[in-house]
Amino acid sequence: MPVRVYVALGSNLAHPRRQIAKALARLRATNGVRVLAVSPNYVTAPIGGDPQPDYVNAVAMLSTSLAPRALLERLHAIERRHHRRRDPAAPRNAPRTLDLDLLLYGARRIRQQRLTVPHPRMHERAFVLKPLIDIAPAATIPGRGPARRFLARVRGQRIRRTRTSAARPVIRV
């Protein structure tokens, strides 16, 4: 039975809006995955790390028949096609061509090696919360509560909607 999941998309290198648009096209072409909605793109300030360009971020709502680990592997494969290299020695918040994070997998809570759902810092990130709430106003973070509740806590983080987005928020159910 398909599960509703949410994936964050982010990029701050090599034409970020194009990176996100291409990643969405690859998600749409992934067996076992259906893109239901995509938030507008947002320009956001980097969090931590060395000085770097602003990010472009969005969130996609998917329906999938893939298990969590299989979906994560597909996301990482898409990142690799965008020349993303996950180097354990690299700083956590380094610039990147593409970052795909599995935020929510239904209402499940998962703690495995290299897979934690819900994403452990999603409630601390305006670049996740704002686009998530755009496409799922009633979204709940398992173990924490309604995502909307955390918006006030991230109010100081710089985030603005881009003039144009890779995809308009359209729900196809």
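What follows draws every value from the coordinates through simple rules; no lab data is involved. Since the model is a prediction, treat every value here as computed from it, not as a measurement. Note: ideal-geometry Cβ built from the backbone for every residue, glycine included; neighbour counts use all protein chains shown.
Multiply the residue gap between Arg85 and Ile47 by 0.36 nm, knock off their C-alpha separation, and tell me the result in nm, one decimal place.
Full extension of this stretch gives 11.8 nm more.
Tell me the trypsin sites (Lys or Arg not before Pro) within segment 43-92 that lie in a loop according to DSSP and have at most 16 other beta-carbon atoms within 10 Å. Those satisfying the criteria are Arg85, Arg86, Arg92. Within the chain, the proportion of Cα pairs with more than 24 Å between them is 30 percent.
Taking other residues whose beta carbon is less than 10 angstrom from the beta carbon of Thr64, and scoring Lys, Arg as +1 and Asp, Glu as -1, yields +3.
Only helices enter this figure: runs of n ≥ 4 DSSP H residues, each worth -39500 (n - 2.57), summed and divided by the residues of the chain, yield -6500 deg cm²/dmol at 222 nm to the nearest 500.
Please report the projected area of segment 82-169's Cα convex hull averaged over all directions, in nm². Numbers along the way, then the final one.
Numbers: hull surface 28.9 nm².
Quarter of the Cα hull surface area: 7.2 nm².
Listed values for segment 39-55 are Karplus-derived 3J(HN,Hα) couplings in whole Hz (6.51 cos²θ - 1.76 cosθ + 1.60, θ = phi - 60°), namely 6, x, 7, 10, 8, 9, 6, x, 10, x, x, 6, x, 7, x, 4, 9, and x replaces Gly and Pro.
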